[in-house]
Amino acid sequence: MRPNMHQISELSLHTGRNMPVMGVGTWQLTDDTAGVIDAAIRLGYRMIDTSGDYGTQPGIAEGIKRSGAERSDFYLVTKVEETDDAYEAVGRNLKELQLDYADLMLIHRPPPSGAGEELWRGLIRARQEGLTKDIGVSNYSVDLIDTLIRATGEKPVVNQIEWSPFGHSEKMLRFSRENGIIIQAYCPLTRSKRLNDEKLAGIAARYQKTPAQVMIRWNLQNGTVPLPKANRQDHLQENLDVLDFVIADEDMKELNGLNERYSSLGSLPYA
Ligand SMILES: NC(=O)c1ccc[n+]([C@@H]2O[C@H](COP(=O)([O-])OP(=O)(O)OC[C@H]3O[C@@H](n4cnc5c(N)ncnc54)[C@H](OP(=O)(O)O)[C@@H]3O)[C@@H](O)[C@H]2O)c1
């Protein structure tokens, strides 16, 4: 059992299961993946986001072991690639993770044509066989999610997309809320690129918090689920210390107003 049970709460998915309100990202967590994951779990992180193509799954398996966490202590999200046979890829990922099941399996990105209907059917089969509890998508637009639902009758529980005060979309937020689909926010810290923004720094100073903490808190108050990545233990700790303050409505409006469709990756695929 983890020595430090943090206060990360959960939100409900449309399937009736729950998911922690924030997690830790692991893209390029290559310095010492096992050490970082062990530390993150001990600090109180409960959700870990990875993918077959990050190369971090074996290190995550080792980190979980070192932490002594039980399976029910953590929530594991991983992804299949658009070129994969989705059902087979689920098995490969679980083997690397040394797990019997994932909590959430995502289509990493839509294929070049279509909405990924075959991939989706592979994930549905994996879920029916208990290899994952829930299924979702990543980097999908509103239109692509609509197409997928129409073709298969199956609604994703989340859409994992780039999402920060500097890059978000009212249309996507409204669609997701109306359909009970949770937005998981990747690059919630803009890969550090906008942490020095003057307006953001001004708001952070008012709450005696850091810009990173304000970007994370902005997500929590919007009901979107941030997945900040941090190699450094002080960053891991700082990013968890976001539960003891509330951003006032006028400051939330100012943060929403920072939107310039900014993307650390080049462009927002859904906007
Ligand atoms: N589905 C997708 O297509 C997709 C795409 C991209 C990312 N993701 C997921 O989303 C996760 C997060 O995105 P990301 O890793 O690209 O970017 P990010 O979380 O926005 O930024 C990570 C960077 O911020 C730094 N940082 C962390 N906490 C900080 C703090 N409190 N103060 C200052 N700097 C801080 C980290 O430094 P240190 O590492 O030195 O601590 C790292 O350089 C990924 O790791 C991955 O799991 C998914």
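The values are calculated or read from the model by the stated rules, or taken from the named source; none is laboratory data. These numbers come from a predicted model, not from an experiment. We place every Cβ from the backbone using ideal geometry, glycine too, and count neighbours over all the protein chains shown. The protein model used for the area step is the full one, side chains on, heavy atoms only, and it has no ligands, DNA or RNA in it. Shrake-Rupley method; radii C 1.70, N 1.55, O 1.52, S 1.80 Å.
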### Message
Can you say whether D103 is at negative phi, without any contact (Cβ under 8 Å) to a residue 40 or more places away in the chain and not hydroxyl-bearing (S, T, Y), as far as the supplied structure shows?
### Response
no
### Query
Applying the selection to the stretch 123-173, what residues are assigned to a helix (DSSP H, G or I), within 22 Å of E81 (Cβ to Cβ) and open to solvent by 10 Å² or more (accessible area, probe 1.4 Å)?
I124, R125, R127, Q128, D143, L144, T147, I149, A151, T152
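Quick check, is I64 assigned to a helix (DSSP H, G or I) and within 21 Å of A185 (Cβ to Cβ)? Explain how you work it out, then say what you get.
Values: assigned to a helix (DSSP H, G or I): yes; within 21 Å of A185 (Cβ to Cβ): no.
In short, no.
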### Query
Counting only residues that are open to solvent by 10 Å² or more (accessible area, probe 1.4 Å), within 15 Å of S9 (Cα to Cα) and among the polar types (S, T, N, Q), how many does the stretch 219-271 have?
2
### Task
Would you mention how many residues in the stretch 158-194 are within 17 Å of N256 (Cα to Cα) and of a type in the set (D, E)?
2
#### Entry: Residues (surrounded by 24 or more Cβ atoms within 10 Å (Cβ to Cβ), hydrophobic (A, V, I, L, M, F, W, C) and part of a loop (DSSP other than H, G, I, E, B)) located in the stretch 18-28
M22
### Task
Please enumerate the residues belonging to the stretch 29-57 that are open to solvent by less than 10 Å² (accessible area, probe 1.4 Å), of a type in the set (V, I, T) and either in contact with a Cys (Cβ under 6 Å, 6 or more places away or on another chain) or not in a helix (DSSP H, G or I) (or both).
I48, T50, T56
## Note on the structure
In the stretch 91-122, anything more than 16 Å from the ligand (Cβ to nearest atom), open to solvent by 60 Å² or more (accessible area, probe 1.4 Å) and not polar (S, T, N, Q) is listed as R92, K95, D100, E118, R121
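Does L76 count as assigned to a strand (DSSP E or B), within 16 Å of the ligand (Cβ to nearest atom) and not acidic (D, E)?
Values: assigned to a strand (DSSP E or B): yes; within 16 Å of the ligand (Cβ to nearest atom): yes; not acidic (D, E): yes.
Taking the combined requirement at face value, the residue satisfies it.
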### Query
Just for the stretch 202-218: of the residues that are within 16 Å of G257 (Cβ to Cβ) and open to solvent by less than 40 Å² (accessible area, probe 1.4 Å), which one is farthest from the ligand (Cβ to nearest atom)?
G202
### Query
Do any helices (runs of 4 or more DSSP H) lying entirely in the stretch 185-271 carry at least 2 residues that are closer than 30 Å to A34 by Cβ and modelled with pLDDT of 95 or more, and which ones are they?
211-222, 233-240
### Query
Taking the stretch 152-164, which residues are at pLDDT 95 or above and either more than 13 Å from S176 (Cβ to Cβ) or within 16 Å of the ligand (Cβ to nearest atom) (or both)?
G153, E154, P156, V157, V158, N159, Q160, I161, E162, W163, S164
## Note on the structure
Scanning the stretch 227-241 for residues that are touching a residue at least 60 places away in the same chain (Cβ under 8 Å) and more than 8 Å from the ligand (Cβ to nearest atom), the one farthest from the chain's Cα centre (by Cα) turns out to be Q233
